[in-house]
Amino acid sequence: MADIAKTTQLARRLVDEIETVIIGKRRAVELVTIGLLSNGHVLIEDIPGVGKTMLAKALAKALGGTYRRIQFTPDLLPADITGTSIFNQKTGEFVFREGPVFTNVLLADEINRATPKTQSSLLECMEEFQVTVDGVTRSLEKPFLVLATENPIEYRGTYPLPEAQLDRFLMRIEIGYPTPQQEVEVLNRQIKEHPINSVQAVVTREEVLGMQEQVKEVHIDPSLKEYMVQLVTATRDHEKLSLGASPRASLGLMRTSQARAALLGRDYVIPDDVKEMAHPVLCHRLVVRAGVSAGDGWRRQSQAAQIVNDVLNQVPVPAVD
């Protein structure tokens, strides 16, 4: 329990520091922190200007890690992400020049504006935490977190992420508009300088790796594991879905539930942890049937969210002692 207490303290310290920049969006900040503790990646689907880039920068600074940003465009090439080998005329040898993926926090801005070939260059990085170029495999520095953004309104000139790539994202989240009072506070804090300049490293990268390992020790009752699988299985049989969630979703539910429990100071998972993580973990993995799905990204996600609500209401919640 002492190790969990330390993990909880460090995680809350990280959340509090990020909140000095991202005001009034504690749930979004906590979800990104849960993604970090779960050693997963997060897709942020929201409109421009709500703080997606600042969230990534604040997280990188608060954990004392490196930060890189890639603006995805149609002319972006895979080598622009992973790196490439350049011939050195002096030595007569090829030298590998690392791409921006060699970092701790990678912001893939408007990821759906690049071609599928370029999008797919992130698959190995996200799943195996390594890059293979010219037959040579290079490991990425840990912790490694991809924060990708999408605009759910404007789809002109974009390439929707394929299901295989969406499945690599542990969670999909939104930030949303601030309240009027929160927006006034945003103005007040930026009168002289941006608060991102004052963010301090409150944890080390080594502590983050320790927290990730500690999250794996959080206890899960066998009945809760069955509950998670039942939720995921129910999406595969739902009449409004042409594709349900994969086994990777079950793993994601388990790991994020453990991370949420640790963030809240518990060394055991309760049903509320699972239900709280169901939407961010499952919604983006569901493919709604033709004729049911219509409209922009927000409407499709709203339909998926309603289906997840149906599943949560249908599957009995186990009684955990």
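Of note:
- Given their separation in residues at 0.36 nm each and the Cα-Cα distance between them, GLU163 and ASP134 gain 7.8 nm when the chain is fully extended.
- Charge tally in the Cβ shell below 14 Å around MET228, where Lys, Arg are +1 and Asp, Glu are -1, MET228 excluded: +2
- Restraint check, LYS52/LYS192; LYS52/LYS225; LYS6/LYS61; LYS117/LYS240, Cα-Cα greater than 23 Å: LYS52/LYS225; LYS117/LYS240
- On the basis of the beta-carbon distance and an R0 of 30 Å, LEU264 and LEU123 show a calculated FRET efficiency of 0.40.
- In the chain, helical runs assigned H by DSSP with n ≥ 4 each contribute -39500 (n - 2.57); averaged across all residues and rounded to the nearest 500, the mean residue ellipticity at 222 nm is -13500 deg cm²/dmol.
- 13 Å Cα-Cα reach of LYS57 towards aspartates and glutamates, excluding residues that sit fewer than 8 places from it in its own chain: GLU17, GLU19, ASP109
- Neighbour count of at most 16 Cβ within 10 Å plus DSSP loop: longest GluC sites (Glu not before Pro)-free window in the chain: 1-140
- Linear extension gain, ALA79 paired with GLU206, 0.36 nm per residue minus alpha-carbon span: 42.8 nm
- Packing-based ranking, highest mean first, of 50-57, 311-318 given that Cβ atoms within 10 Å are counted: 50-57, 311-318
- Local electrostatic count at LEU312 - Lys and Arg +1, Asp and Glu -1, tallied over other residues with Cβ under 14 Å: -3
- Short-range pairs are left out: with C-alpha atoms under 8 Å and at least six residues apart, the relative contact order of the stretch 218-321 is 35 percent.
- The simple spin-label model puts a point 7 Å past each Cα toward its Cβ; for LYS6 and ASP321 those points are separated by 3.2 nm.
- Mean separation of Cα contacts under 8 Å (6+ apart) over length of the chain, as relative contact order %: 23 percent
- Fluctuation leader among ALA201, ALA249, ALA164 - the chain, Gaussian network, Cα springs under 10 angstrom: ALA164
- By the beta-carbon count within 10 Å of each Cβ, the least crowded to most crowded order of ASP267, ASP272, ASP237, ASP46, fewest first, is ASP237, ASP272, ASP267, ASP46.
- Considering only alpha-carbon pairs that sit under 8 angstrom and 6 or more positions apart, the relative contact order computed for the stretch 1-88 is 26 percent.
- Two-site FRET efficiency, ARG69 against ARG156, from Cβ-Cβ distance with R₀ of 22 Å, rounded to 0.05: 0.45
- Between HIS194 and GLN314, the C-beta separation translates, for a Förster distance of 56 Å, into a calculated FRET efficiency of about 0.75.
- Here the label points at LYS216 and THR20, each 7 Å from Cα along the C-beta direction, are separated by 3.3 nm in the simple model.
- Signed unit charges on C-beta, dipole axis of the stretch 1-217, positive-most listed residue GLY83, GLY49, VAL32: GLY49
Bear in mind that the values in this text are calculations on the coordinates, not laboratory data. Please read these numbers as outputs of a predicted model, since none were measured by experiment. Because the Cβ atoms are built from the backbone with ideal geometry, glycine has one as well, and the counts that use them run over all protein chains shown.
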